[in-house]
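A.B. asks: Here it is, the structure, as structure tokens.
The values are calculated or read from the model by the stated rules, or taken from the named source; none is laboratory data. Since the model is a prediction, treat every value here as computed from it, not as a measurement. Here the Cβ positions follow ideal geometry from the backbone for every residue, glycine too, while neighbour counts run over all protein chains shown.
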């Protein structure tokens, strides 16, 4: 008589456990759902909120005409970095709900992140056992940085979903060789690159590696399917980023890559990059990921190697952001999650032959680790309370006259004032961080008086809400306080009248 299969190997138990892991990952992301989107890179989140609101008012036939004009003008004032597909999707939900409910973006991005997690599990399951794949998924879902970043209102979290879907579809295509799968792989890769151009770095290397390292790799170079898929992947982004944006894309590349390229020659850049990785992921996990690549099966090894090399090349193209912007490292989360599965698979293989006591201890350790990550993330959300911010900025917006142009030294490049105060700014005075960036790029202002005159030309009011920055720039403080009267001041702001010098 055959021994009954252990309960933990039964399909029902494994399916229920997978569902539980996904549901916990989704649930923690919608905790503290309605707290304002200021918890993680508010500049980026408020930008998306402003865009979504502008679409909502533009598409809503019953919207107040005055508010419609304001919302649309504010949306149009923002620089275009990538197609605002996510923001348009959120605005569509606003229309269905009949009101602006920004926090639906958190729900949507939580859903997208979990879809990405299921895709990651599917990819890992091709090469590793159930529990090893589940461990990689748990890292992807429960890492505190993952939880806080993936619920933010910006396109980066759903970029990760498209990246994982495109990798999975590539593998599916390699299995079946069918035209429908080639088209699907091309479309999904095209969507990933369109949503965020930076996915081109890992995707190009993963595609090249998976195809060329096959035993019949040379034959694939002659298949029409390959060129059709590559065309579908490339055309949308070529149309949007090169043909549509054109000069904007060129200027973006010139400033962020060319002007700052000297940073990649400095050892401090790599040290700071490692510090960033350690702070978000812990270097132990990075090292274990490299070990996982060595242990991975052939095709999986190619995928992981291509992904990590692509990430490294991407970092060389955007050196400043790699050491200052945490969300630029979001693609590392699935890379680590996948890379850890070969290590976990080796560990679980050893555990299978251990006494049940040690198996229980190992399960307890993993449960405690997951619970601790969830607890840390919840604690951070509870500790951060921004409920008073919208009203405060609404009052500042109401205090600013509507009859003139405004330049401001304010947080988030004026996005907080635009979104909550319904007041756009015509000019932004750089803070200390911006001035350091300009200095690194070789474009820092050299003469304060001429710079001030140029920035305030045609402006009527100068708003200060960042008082620590105001104190840190004595030339600006002396210029405004000695030459221009204060039009109004209140809790958190100071408004100078540039129209009537003293």
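A.B. asks: Between 397, 404, which is without any contact (Cβ under 8 Å) to a residue 40 or more places away in the chain, surrounded by 12 or more Cβ atoms within 10 Å (Cβ to Cβ) and within 30 Å of residue 460 (Cβ to Cβ)?
C.D. replies: Answer to the selection: 397.
A.B. asks: Select the helices (runs of 4 or more DSSP H) contained entirely in the range 185-266, then report the ones holding at least 2 residues which are within 26 Å of the chain's Cα centre (by Cα) and closer than 20 Å to residue 335 by Cβ.
C.D. replies: 200-212
A.B. asks: Looking at 63, 49 in this structure, which one is in contact (Cβ under 8 Å) with a residue 60 or more places away in the chain, more than 19 Å from residue 248 (Cβ to Cβ) and over 14 Å from the mean Cα position of the chain (by Cα)?
C.D. replies: When all the criteria are applied, what remains is 49.
A.B. asks: Quick check on residue 467: is it at negative phi, in contact with a helix residue (DSSP H, G or I) (Cβ under 7 Å, 6 or more places away or on another chain) and outside the structural domain of residue 318 (by TED's automatic domain parsing)?
C.D. replies: Values: at negative phi: yes; in contact with a helix residue (DSSP H, G or I) (Cβ under 7 Å, 6 or more places away or on another chain): no; outside the structural domain of residue 318 (by TED's automatic domain parsing): yes.
Considered against the rule, which asks whether it is at negative phi, in contact with a helix residue (DSSP H, G or I) (Cβ under 7 Å, 6 or more places away or on another chain) and outside the structural domain of residue 318 (by TED's automatic domain parsing), residue 467 comes out as no.
A.B. asks: Could you grab the pairs with beta carbons closer than 8 Å, sequence gap of 6+ or different chains, first residue in the range 443-456 and closer than 12 Å to residue 475 by Cα, second one assigned to a loop (DSSP other than H, G, I, E, B) and at pLDDT below 95?
C.D. replies: Listed pairs, sorted by first residue: 451/445.
Residue by residue, here is whether (1) over 18 Å from the mean Cα position of the chain (by Cα); (2) at pLDDT 95 or above holds:
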site: 71; (1), (2): yes, yes
site: 80; (1), (2): no, no
site: 84; (1), (2): no, yes
site: 97; (1), (2): yes, yes
site: 101; (1), (2): yes, yes
site: 115; (1), (2): no, yes
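A.B. asks: Sticking with this one: Does residue 346 satisfy the criteria of being surrounded by fewer than 20 Cβ atoms within 10 Å (Cβ to Cβ) and in contact with a helix residue (DSSP H, G or I) (Cβ under 8 Å, 6 or more places away or on another chain)?
C.D. replies: Spelling it out, residue 346 is indeed surrounded by fewer than 20 Cβ atoms within 10 Å (Cβ to Cβ) and in contact with a helix residue (DSSP H, G or I) (Cβ under 8 Å, 6 or more places away or on another chain).
A.B. asks: Can you name every one of the helices (runs of 4 or more DSSP H) wholly within the range 279-394 that holds 1 or more residues which are in the same structural domain as residue 138 (by TED's automatic domain parsing) and more than 22 Å from the chain's Cα centre (by Cα)? Working first, answer last.
C.D. replies: Details: elements: 283-295, 298-317, 319-322, 332-351, 356-383.
The qualifying helices (runs of 4 or more DSSP H) are 283-295, 298-317, 332-351, 356-383.
A.B. asks: Kindly provide the set of residues from the range 58-88 that are surrounded by 14 or more Cβ atoms within 10 Å (Cβ to Cβ) and out of contact with any helix residue (DSSP H, G or I) (no Cβ under 7 Å at 6 or more places or on another chain), ordered by number.
C.D. replies: Once the filter is applied, which keeps residues that are surrounded by 14 or more Cβ atoms within 10 Å (Cβ to Cβ) and out of contact with any helix residue (DSSP H, G or I) (no Cβ under 7 Å at 6 or more places or on another chain), the range 58-88 yields 70, 77, 81.
A.B. asks: On to the next question. Would you mind stating whether residue 120 is buried (at least 19 other Cβ atoms within 10 Å of the Cβ) and modelled with pLDDT of 95 or more?
C.D. replies: Values: buried (at least 19 other Cβ atoms within 10 Å of the Cβ): yes; modelled with pLDDT of 95 or more: yes.
For residue 120, the condition - buried (at least 19 other Cβ atoms within 10 Å of the Cβ) and modelled with pLDDT of 95 or more - is met.
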